[in-house]
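Undergrad: The structure that follows is given in the form of structure tokens.
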Amino acid sequence: MTKIRVKQTRSSIKRTKDQKLTLEALGLKGIGKVVEHEATPTILGMINKVKHLVSVEEA
């Protein structure tokens, strides 16, 4: 599997509860934080749900 880096670029304030929980499940706790994940279908689906709040690049 390929590794991807996910960076939170926008705030979770005034977002729906499921979007906040998705960010938390990805390990993102604030703007500018970066986490690395395997590019599994589950992770890609979570990223797609909050794609307007994060940026993604290959590691």
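Undergrad: What net charge do the residues around Ile4 carry, taking every other residue with its C-beta under 11 Å from that of Ile4, with Lys and Arg at +1 and Asp and Glu at -1?
TA: Residues near Ile4 contribute -1 overall.
Undergrad: In whole Hz and in residue order, list the ³J(HN,Hα) couplings for segment 21-34 that follow from phi through the Karplus curve 6.51 cos²θ - 1.76 cosθ + 1.60, θ = phi - 60°; x for Gly and Pro.
TA: 5, 5, 4, 5, 5, 6, x, 9, 10, x, 4, x, 6, 10
Undergrad: Below 14 angstrom from the Cβ of Glu57, what's the summed charge of the other residues (Lys, Arg +1; Asp, Glu -1)?
TA: Residues close to Glu57 contribute a combined charge of +2.
Undergrad: Okay, next question. Given a Förster distance of 22 Å, report the FRET efficiency between Glu24 and Met1 from their Cβ-Cβ distance, rounded to the nearest 0.05.
TA: The pair Glu24/Met1 has a calculated efficiency of 0.45.
Undergrad: Hey, another quick one. Under a point spin-label approximation (7 Å from Cα along Cα-to-Cβ), what is the Lys17-Ala59 distance to one decimal in nm?
TA: Calculated label separation equals 3.2 nm.
Undergrad: Rounded to two decimals, what is the ratio between the C-alpha radius of gyration of the chain and 2.2 N^0.38 Å?
TA: With N residues counted in the chain, Rg over 2.2 N^0.38 Å equals 1.01.
Undergrad: While we're on this one: Return the distance in nm (one decimal) between the two label points of a simple spin-label model at Arg10 and Lys33, each offset 7 Å from Cα along Cα→Cβ.
TA: 1.8 nm
Undergrad: With every protein chain present, what is the per residue accessible area of the chain (1.4 Å probe, Å²)?
TA: Heavy-atom SASA per residue in the chain reads 69 Å².
The values are calculated or read from the model by the stated rules, or taken from the named source; none is laboratory data. Computed from a prediction, not measured in an experiment: that's the story for all the values here. Counting neighbours? That spans all protein chains shown, and the Cβs are built from the backbone with ideal geometry, glycine included. Surface accessibility is based on the protein's heavy atoms, side chains included, excluding ligands, DNA and RNA. Shrake-Rupley method; radii C 1.70, N 1.55, O 1.52, S 1.80 Å.
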